[in-house]
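Undergrad: What follows is a structure written as structure tokens; I'll ask about it next.
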Amino acid sequence: MRTAEVDTGLMIWDTASPGTIANVIDLLDNGKPCQLYVAGHHANRYHFHAIDELATLEGRYPEIFEEATKRLAAHAKRTSKPNSGAQETLYECHRACLCRKRGYLDPSRGFGKWVAQDRSTSD
């Protein structure tokens, strides 16, 4: 999700993904409201307007919130470097990382230009 480009958020969370919570925190830090549907055993719908409203969920899922906070801090560190070029969103950074791991990124084509690389070898 590109939180800088939206006015509000609607998330469905499986209680296991720190990425969803990172997006919720990012939205709230930027003064944008967010609705969160929690699936599973603690199924409920929440409407958040401020970061302190997350305290109940943070108490229930501290490891998830800790990982989400780490991801946001790493993203902030990357984007705050001088002359770092275009400011990537957390979603774009995550996508680039996954694509590099899977070998789908052709660096010569620039960010956002995803191609399947030929993994065959010729003798």
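The values are calculated or read from the model by the stated rules, or taken from the named source; none is laboratory data. What you are looking at is a predicted structure, and each value in this text was computed from that prediction instead of being measured. We place every Cβ from the backbone using ideal geometry, glycine too, and count neighbours over all the protein chains shown.
Undergrad: Report, by residue number, each residue of segment 1-59 that is over 14 Å from the mean Cα position of the chain (by Cα) and hydroxyl-bearing (Ser, Thr, Tyr).
TA: Matches in segment 1-59: Thr8, Thr15, Tyr37, Tyr46, Thr56.
To keep it simple, each residue is scored yes or no on (1) in a helix (DSSP H, G or I); (2) at pLDDT 65 or above; (3) in contact with a strand residue (DSSP E or B) (Cβ under 7 Å, 6 or more places away or on another chain).
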residue	(1), (2), (3)
Arg45	no, yes, yes
Leu57	yes, yes, no
Pro82	no, yes, no
Gln87	no, no, no
His94	yes, no, no
Lys101	yes, no, no
Ser108	yes, no, no
Asp118	no, no, no
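Undergrad: Ok, one more. Out of everything in segment 37-51 that is more than 20 Å from Ala76 (Cα to Cα) and out of contact with any Ser or Thr (no Cβ under 9 Å at 6 or more places or on another chain), what residue ends up being surrounded by the most Cβ atoms within 10 Å (Cβ to Cβ)? Before the answer, list the steps.
TA: The initial filter retains those residues of segment 37-51 that are more than 20 Å from Ala76 (Cα to Cα), namely 37-49.
With out of contact with any Ser or Thr (no Cβ under 9 Å at 6 or more places or on another chain) added as a condition, the list becomes 37, 43-45, 47-49.
Numbers: Tyr37: 12, Ala43: 9, Asn44: 11, Arg45: 10, His47: 11, Phe48: 20, His49: 11.
Once the filter is applied, the top-ranked residue is Phe48.
Undergrad: While we're looking at this one, here's another question. What pairs come out if I take residues in segment 1-19 that are over 14 Å from Gly40 (Cβ atoms) and part of a loop (DSSP other than H, G, I, E, B) and pair them with residues that are modelled with pLDDT of 95 or more and of a type in the set (S, T, N, Q) whose C-beta lies under 8 Å away, six or more apart or interchain?
TA: Going by the 8 Å Cβ cut-off, the qualifying pairs are Thr8/Gln35.
Undergrad: Okay, next question. Checking Glu67 against (1) at pLDDT 90 or above; (2) closer than 23 Å to Thr8 by Cβ; (3) out of contact with any Asp or Glu (no Cβ under 8 Å at 6 or more places or on another chain); (4) surrounded by 14 or more Cβ atoms within 10 Å (Cβ to Cβ), which test does it fail?
TA: Status for Glu67: all satisfied but (2).
Undergrad: Continuing with this model, one more query. Residue by residue through segment 14-36, note down the ones that are out of contact with any Cys (no Cβ under 8 Å at 6 or more places or on another chain), buried (at least 18 other Cβ atoms within 10 Å of the Cβ) and either more than 16 Å from Glu66 (Cα to Cα) or among the charged types (D, E, K, R) (or both).
TA: Asp26, Cys34, Leu36
Yes/no per residue for (1) β-branched (Val, Ile, Thr); (2) free of Cβ contacts under 8 Å to residues at least 40 places away in the same chain; (3) not in a helix (DSSP H, G or I):
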{"site": "Asp26", "(1), (2), (3)": "no, no, no"}
{"site": "Tyr37", "(1), (2), (3)": "no, yes, yes"}
{"site": "Glu53", "(1), (2), (3)": "no, yes, no"}
{"site": "Ile64", "(1), (2), (3)": "yes, no, no"}
{"site": "Arg71", "(1), (2), (3)": "no, no, no"}
{"site": "Ala74", "(1), (2), (3)": "no, yes, no"}
